[in-house]
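Have a look at the structure below before the remarks.
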Amino acid sequence: MSAPRVWKLWIGARAVPAASGKVYAAINPADGKPSAMVAEAGEADADAAVRAAARAAVGPWARMSPRERGRVLLRLSGLVRENAHELAMLETRSAGKPLADARDEIGLAADVLEYYGGAANKFFGETVPVSASGVCFTLREPVGVCALIVPWNFPLVIATWKLGPALACGNTVVLKPSPETPLTALRLAELAAEAGLPEGVLNVLPGPGPGCGSALVEHPLVRKISFTGSTKTGTWIAKAAADGVKRVSLELGGKSPNIVFDDADLGVCVEKSVWSVFANAGQDCCARSRAIVHRKIYDRFVADFAARARKIVVGHPEKRGVQMGPLISQRQRGRVEDYVASGRAEGAELVCGGKRPAGLPAGGFYLSPAVFAGADANARIWREEIFGPVVAIVPFKDEEEAVALANDSPYGLSGSLWTRDVGRVLRVGRALQTGVLSVNSSSSVHLEAPFGGYKQSGVGRELGMKALELYTETKSVFVSGV
Ligand code: NAD
């Protein structure tokens, strides 16, 4: 068997070893074995990458027209599509997601780059009718060096949510993927160079949060931080960024409600609801992990939901037909198992799942989807983000109680509402404190629409044209007519 490839950092226009010479093993969650060796970026590398990006911010990239910048993104989008299989395999072997899901995600990443390639010359300022004699107009200008810090659950897709608008607006970036899943970001940097992105515009640093990530956040030449990850890390980043008055946008945790009224189409609702929490093995910030179901249909919903969950095919993510792969790491599975134990200890009924399935590679981090019924409002499984395949289902009696249950959370990222009553859609929809709401659907992301959270789920909106605001400064210009 050949030794795994050693992946280096990407700084300037080339792959370089870490200044410390450190290398670590990226683990394949399917079997617990190393899938690749990766250079581990540290503080010195963060400094080198930020300086490369700062030089590039005043280089050829700054002089390119928005249309030319857009064309680079369109070429990159095309290269991502051409290399989709390779990228999907890299994602599957680092993140453990079923190969078919990884392929869909690579397609979505290409779509996002295409969207922002087209948007580059369609985002502009305005003329302002001021009182003085003359003309006032606004310019949208790049912020400068942006640090883009992303998690391991949707590695390449979330990177493109940030890269697309940042590059379309003429910024230069340092992208820090999660140490578990750095490979697609590193491969993207190679493809970006092939697409004609000038030297230093995109730098990629695989490395740990403390050290590499914090050095980026604190670097004086970084002007903007875009972060996706846990609320705990996001809170630290917001505080650290305040020191340099850096621009910050945050996409954080969630504990999203799935509200089902008794007039819902139960067949469709159950099928979609199951995937709204168990897709990506529940490691999804938008996972509808709190099902809130009208008491008239509660027993049937619980029975149908559990029956469907039991049929989910858990297995090796490269095997055809597998619907749910392993969790990202041994540690993450341990955390989720603790939650399953706490759910039982706190009085909820474990209807099914929450166990290590038999017959799968012993070193892999597999867990069957867990369905709890009747969780207490103060139970940890009801209040805390688990980030694993666990759902809790509780009954409600009327609209008011459904809304109160849904909103009783520090988070407010996504949510679903199942009913055929249009008036109720509008009443309940308005009352829910959530950045994204889908009605009779479990979708969370449409790349053309703004995405982000209320409350502790984040600050700012990614995707769509809204995201371009995050990566630009507004300059107000007045030209005297006198
Ligand atoms: P995490 O906060 O542990 O890490 C996210 C990223 O931040 C990683 O790259 C990590 O290395 C880096 N990091 C950690 N400490 C840092 C520090 N001190 N300075 C700079 N960077 C640091 O989160 P995770 O476990 O990778 O991801 C899971 C979390 O992400 C969940 O809470 C999930 O809800 C959230 N998430 C949110 C969204 C969204 O769009 N709202 C999307 C995906 C994931």
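All of the numbers you see were taken from the coordinates with simple rules; none came from a lab. As the structure is a computational prediction, the values presented were derived from the model and not from experiment. Note that we place each Cβ from the backbone using ideal geometry, even for glycine, and neighbour counts take in every protein chain shown.
Data for the structure
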{"item": "DSSP-assigned coil residues among chymotrypsin sites (Phe, Trp or Tyr not before Pro) in the range 113-217, each with at most 15 further Cβ atoms within 10 Å", "result": "124"}
{"item": "Fraction of beta bridges assigned by DSSP in the chain that are antiparallel (%, nearest 5)", "result": "45"}
{"item": "Centre separation in Å (Cα based) which lies between the range 118-197 and the range 265-327", "result": "35"}
{"item": "Gain upon complete extension [residue 65, residue 296; 0.36 nm per residue less C-alpha separation]", "result": "77.1 nm"}
{"item": "With Cα atoms, 0 to 90° folded angle of helix 99-119 axis to the chain main axis", "result": "40"}
{"item": "Neighbour-limited loop hits for GluC sites (Glu not before Pro), the range 317-399 (at most 16 other Cβ within 10 Å; DSSP other than H, G, I, E, B)", "result": "318, 346, 384"}
{"item": "Highest to lowest packing among 461-467, 202-208, scored as the average C-beta count within 10 Å", "result": "202-208, 461-467"}
{"item": "Trypsin sites (Lys or Arg not before Pro) restricted to DSSP loop in the range 114-223 with at most 16 other C-beta within 10 Å", "result": "122"}
{"item": "Over the range 257-446: Kirkwood hydrodynamic radius from C-alpha pairwise inverse distances, Å", "result": "16.6"}
{"item": "Subset of 246/466; 162/466; 162/239; 224/255; 397/455; 272/311 violating a 23 Å alpha-carbon distance limit", "result": "224/255; 397/455"}
{"item": "Of all DSSP beta bridges in the range 257-446, antiparallel share, percent nearest 5", "result": "15"}
{"item": "Local electrostatic count at residue 363 - Lys and Arg +1, Asp and Glu -1, tallied over other residues with Cβ under 13 Å", "result": "+2"}
{"item": "Mean separation of Cα contacts under 8 Å, 6 or more apart, over the residue count of the range 257-446: relative contact order %", "result": "28"}
{"item": "Value at 222 nm in deg cm²/dmol, rounded to 500, when DSSP H runs of n ≥ 4 in the chain each add -39,500 (n - 2.57)", "result": "-11500 deg cm²/dmol"}
{"item": "Residue order, fewest to most surrounding Cβ atoms within 10 angstrom, among 427, 93", "result": "427, 93"}
{"item": "Global form of the range 359-464, assessed from the alpha-carbon gyration tensor, a/c cut-off 1.5", "result": "oblate"}
{"item": "Cα gyration tensor category, rounded, prolate or oblate, for the chain with a/c compared to 1.5", "result": "oblate"}
{"item": "Which of 425, 370, 357, positive extreme of dipole for the range 257-446 (C-beta unit charges)", "result": "357"}
{"item": "Å³ per residue enclosed by the Cα convex hull of the range 126-259", "result": "179"}
